[in-house]
Amino acid sequence: MKYDRTAVFAAGFAALALLSACGSGDKSAAAPVEGSTPAAAESSSAAPSAAPTGSTDSAEITKPGTKLKVGDRAVVPFKYGTDKTGTIAITVDSIDVGPSTDLASVGEKAKGLRPVYIRLTVENVGGTDLAHSVVRLRAQGPDGRSTGVVVTGEIPKCKAASATKDFTTAGAKYKTCELQAVREGSEVGAATYTDTEKIKDAPIVWKK
């Protein structure tokens, strides 16, 4: 699938990149608008079914491709930067679509988009030093494909948080909100985690 990418910026709030699908075929990234940061490519294929393996009292790693529900916990290997590695648990607490007016601060270039709020709890399972690390999730449409919109940044109703300086021991937790978006008339069906090499082609999925 080929995409045209347009970057949208709003000082102090969100930077949105809109990916518009144009036909089918191989993916190829358009040159970024000057001053923008290219977004990572997302897999458009649905994750295969697998039984959840994580639980609230187990550090057993959740298999790539596992499909969960909102409120379920996944345990995954985690790497942040070049020197922070460990094991974390991710619980998606809620996935909500907000009104387009919530993006008013972004400006005209966000017209036709509605914000998606993915709220999650992150836990340090392995007990290694993961202070100041960041976990990223992405929204997925009801059909299991990308929403076609990539968002980085935050707005007042969805404040992103990184791990605190004390996120260095087993059991340490923090909450954060991942801002995504969908086009008007579209819905969100799930949130996905793909941020490790082993699961980038078989994401862990939390369905609404």
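From 207, 175, grab the single residue that is under 17 Å from residue 91 (Cβ atoms), touching a residue at least 60 places away in the same chain (Cβ under 8 Å), exposed (fewer than 14 other Cβ atoms within 10 Å of the Cβ) and not aromatic (Phe, Trp, Tyr).
Testing whether each residue is under 17 Å from residue 91 (Cβ atoms), touching a residue at least 60 places away in the same chain (Cβ under 8 Å), exposed (fewer than 14 other Cβ atoms within 10 Å of the Cβ) and not aromatic (Phe, Trp, Tyr) leaves just 175.
Assuming residue 64 fulfils every condition listed in (1) modelled with pLDDT under 95; (2) part of a strand (DSSP E or B); (3) touching a Lys or Arg at 6+ places or on another chain (Cβ under 7 Å) apart from one, which condition is it?
(2)
Test residue 97 against the stated conditions and say whether it is surrounded by 13 or more Cβ atoms within 10 Å (Cβ to Cβ), touching a strand residue (DSSP E or B) at 6+ places or on another chain (Cβ under 7 Å) and at pLDDT 90 or above.
yes
Within the range 103-128, track down each residue that is acidic (Asp, Glu) and either at pLDDT 95 or above or assigned to a strand (DSSP E or B) (or both).
Hit for the range 103-128 is 123, nothing else.
Collect the residues in the range 67-85 that are of a type outside the set (A, V, I, L, M, F, W, C) and in contact with a Lys or Arg (Cβ under 8 Å, 6 or more places away or on another chain), keeping them in residue-number order.
Correct list: 67, 69, 77, 85.
Looking at 99, 156, 142, can you tell me which residue is without any contact (Cβ under 8 Å) to a residue 24 or more places away in the chain and more than 14 Å from the chain's Cα centre (by Cα)?
None of the others qualify; the one that does is 99.
Regarding the range 67-88, can at least one residue be identified that is basic (Lys, Arg), closer than 22 Å to residue 182 by Cβ and either part of a strand (DSSP E or B) or touching a helix residue (DSSP H, G or I) at 6+ places or on another chain (Cβ under 7 Å) (or both)?
Yes.
The values are calculated or read from the model by the stated rules, or taken from the named source; none is laboratory data. Being a predicted model, the structure only gives us computed values, none of them experimental. Backbone-built Cβ (ideal geometry, glycine too); neighbour counts: all protein chains shown.
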